[in-house]
Structure formats: structure tokens, C-alpha cells
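To keep things clear, I will list the structure first and then write my remarks on it.
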Amino acid sequence: MQECSDANHHKTPSPTGPLAGKTFVLTGALSSLSRAEAHQRIEAAGGTVRNCVSRKTTHLVAGFNPGSKLDKARSLGLAILDEDGLLKCLGPRPI
């Protein structure tokens, strides 16, 4: 029988930063960020990124040719940002 140790369990730290407590969904193409970079920067600023729009989503980032996620976000009354709006929320790029 194997014993459990705390070394095998990782606790996720509480998010901090300007986007703490906010959940984002990305849709469409972004011109100045790759999707992976946008995802990483949102998480680094304390936000969460999901793939699907739901009632738990707080913001939709709509790039070029956004698709049906934009319609769903509008129907739920979510905050909708364009790429410039996201960049303003994120602040300057980390060095």
C-alpha cells in the first residue's frame, strides 16, 4: 500500500492581479497576440481563460471574425472587449 504525501499534491495559489476573479473567453483572430500569449498574459494578470461562453464568463475578447461566441456573450449581457480593450486591461508587456 502506497502512502500519500503532500509532495504529490499541488495547491493552486489564489489569483492576484488586475484581472483576479474575472473569466475570459477568446474568439476570433487577434492581430498583436497569439492565442497562447493572450491566454498566458490573462492568467499572469490573475484572470481565468475558458473555451466556452457561460454564465460564469465575465468578459469575451472578440478578435477578427469572432463567430457564435460573440452572439452568446451578447445574449448573456457579458462585457465584450476588442483586442485593444484587452491590452489596456493587461497593461504593458512583461519584460
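For the reader, a short list of remarks on this structure follows.
- Qualifying residue in the stretch 46-62 (condition: hydrophobic (A, V, I, L, M, F, W, C) and surrounded by fewer than 11 Cβ atoms within 10 Å (Cβ to Cβ)): yes
- Residues (out of contact with any Gly (no Cβ under 8 Å at 6 or more places or on another chain), of a type in the set (A, V, I, L, M, F, W, C) and under 15 Å from L90 (Cα atoms)) located in the stretch 26-63: L33, A36, A38, I42, V49, L60
- First in the stretch 70-84 and in contact (Cβ under 8 Å) with a residue 24 or more places away in the chain and closer than 19 Å to A38 by Cα, second anywhere and surrounded by fewer than 12 Cβ atoms within 10 Å (Cβ to Cβ) and hydrophobic (A, V, I, L, M, F, W, C), Cβ under 9 Å, 6 or more apart: E83/F64
Rule-based calculations on the coordinates, nothing more; no lab input. These figures come from a predicted structure and were not determined experimentally. With ideal geometry, Cβ positions are generated from the backbone for all residues, glycine too; neighbour counts draw on all protein chains shown.
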